[in-house]
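The values are calculated or read from the model by the stated rules, or taken from the named source; none is laboratory data. Note that the coordinates shown come from a computational prediction; the quantities given were computed from them, not determined experimentally. Glycine also receives a Cβ, built like all others from the backbone with ideal geometry; neighbour counts cover every protein chain displayed. Side chains are part of the model used for accessible areas, which takes the heavy atoms of the whole protein and leaves out ligands, DNA and RNA. Shrake-Rupley method; radii C 1.70, N 1.55, O 1.52, S 1.80 Å.
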Amino acid sequence: MNYLHLIDLNDFPVKFWNELLELGIDIYHNPEKYAHACDGKIMATLFYEPSTRTQMSFQTAMLRLGGSLIGFDNPSTSSVAKGESLSDTTQIVSGYADVLVIRHPQPGAAKAAALTADCPVINAGDGGHLHPTQTLTDLLTLRLEKGTLENLNIGLCGDLKNGRTVHSLVKAMSCYKGNHFTFISTSELKMPQYIKDILSVHGASFKEVESLEEAIGELDVLYMTRIQRERFKSDEEYFAQKDTYVLDTAKLSLSKPDLKVLHPLPRVDEITTDVDKNEKAVYFKQAKYGMYIRMALIMTLLSNENRSIPLLSGKEYPGVCCSNELCITNSESYLPKSFVGIGDNVECEFCNERTLL
């Protein structure tokens, strides 16, 4: 049977996103209508990385829809600790569930899981690659807090190199007209080139700056991110970047009256706690909105069992492996080394890393 998976939000047309948002808004306003939408259904959550908001919001979403839960939040308590492959884990667990949610530290893992799953798969974050349901959360937050997804100056600040949330959000918001992006980071943590190339394809403008104070007065939305310790090779590299960007009330006072501050959370010290009281800060509301959009997504995927999107469309090249050492294809040897593109510069279908042939 073919299943509809959510691996990358950009696999779907904007019309699909907007339908999800409309459903999420209706659930937000009328939750009682959906209390039994998933009666008898089971969701499996496979979390190979720690999580609070994403895991609990998915679990709560399914429970509020009337469904049940299985899964793990620590791979050391599962057969993964015995060396079981991602393929085997996925195939076994998906046989028990109606929908599977996976978070994994390696880019491309969600797509790899979908290749053998016997139910729809939802990507709850794959390394520093993508986090599509956080993006849906962000889109719903902007709809409810700004009233629009168009003609916004969106600032993204912090770890733009490794931040899967910012990668997904920029890709999505570039599909709505009139949006401008301001990337605020150090030179070491700049937005990856492939994301900037996507903006160019969509004709979306952007600029790169290193000063939050310099940029904040122009913004309609400020998306703060933490410097992610787990993405650095050493503590020395992490501490060199750690406190570069901190949003406090002094900096916030330089912003427009209707600025909205988002953050995917968890925060460490990049937003001071006194900012929480300001009406511009919507990150705790944002976390709650995530439950409603995930309810909408679960319902939608479970109602589309005979509709699917091809997972792989590229081809393999003899002897060529993905140049991203973290890519799931470099640790799960059974996976195809599949690339798309023309010429000598091709892109891995699992992690989007570019590789020279």
Original post:
Which pairs break 23 Å Cα to Cα here: K15/K207; K15/K280; K15/K146?
Top reply: K15/K207; K15/K280
Subject >> Packing-based order for 157-166, 101-110, using average beta carbon neighbours within 10 Å, highest first >> reply: 101-110, 157-166
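Can you tell me the accessible area per residue over the stretch 308-348, all protein chains present, probe 1.4 angstrom, in square angstrom?
Heavy-atom accessible area per residue stands at 58 Å².
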Original post:
Short version: ³J(HN,Hα) in whole Hz for each residue of the stretch 15-32, in order, from phi by Karplus 6.51 cos²θ - 1.76 cosθ + 1.60 (θ = phi - 60°), x for Gly and Pro, what are they?
Top reply: 4, 5, 4, 5, 5, 4, 5, 5, 5, x, 5, 5, 5, 4, 7, 9, x, 5
**OP:** Rank by packing, highest mean first: peptides 181-189, 114-122, with packing defined as the count of other Cβ atoms within 10 Å averaged across residues.
**Re:** 114-122, 181-189
**OP:** Quick one: compute a quarter of the convex hull surface over the Cα atoms of the stretch 79-186 and quote it in nm².
**Re:** 8.3
**OP:** Write down the percent of antiparallel bridges among all DSSP beta bridges whose residues are both part of the chain, to the nearest 5.
**Re:** 20
Original post:
What is the set of long-range amide H partners of D118 at a cut-off below 5 Å, with H atoms built 1.01 Å from backbone N?
Top reply: S94, G95
Original post:
Helix-derived [θ] at 222 nm for the chain: sum -39500 (n - 2.57) over DSSP H runs of at least 4, divide by residue count, nearest 500?
Top reply: -9500 deg cm²/dmol
Original post:
For the chain, modelled as a Gaussian network with Cα springs under 10 Å, which listed residue fluctuates most, S85, S253, S174?
Top reply: S253
Original post:
What's the percent breakdown of Cα-Cα distances in the stretch 301-340 across 10 Å bins, shortest bin first?
Top reply: 25, 42, 21, 12, 0
Original post:
Given the convex hull over the Cα atoms of the stretch 1-159, what projected area results after averaging over all orientations, in nm²?
Top reply: 10.4
Original post:
Got a number for carbon plus sulfur as a percent of the chain's accessible area, 1.4 Å probe?
Top reply: 49
**OP:** Pull out a ≥ b ≥ c, the square roots of the eigenvalues of the alpha-carbon gyration tensor of the stretch 155-220, then state rounded if a/c is under 1.5, prolate if not and a/b is larger than b/c, and oblate in the remaining case.
**Re:** oblate
Original post:
Under a 5 Å amide H to amide H cut-off, with H placed in plane at 1.01 Å, what residues pair with S68 once short-range neighbours are removed?
Top reply: K41, I42, M43
**OP:** From the C-alpha gyration tensor of the chain, pull out the three semi-axes of the equivalent ellipsoid (sqrt of 5λ each), sorted largest to smallest, in whole Å.
**Re:** 30, 26, 20
**OP:** For an R0 of 35 angstrom, estimate the FRET efficiency from the Cβ-Cβ distance between N304 and E32 and round to the nearest 0.05.
**Re:** 0.90
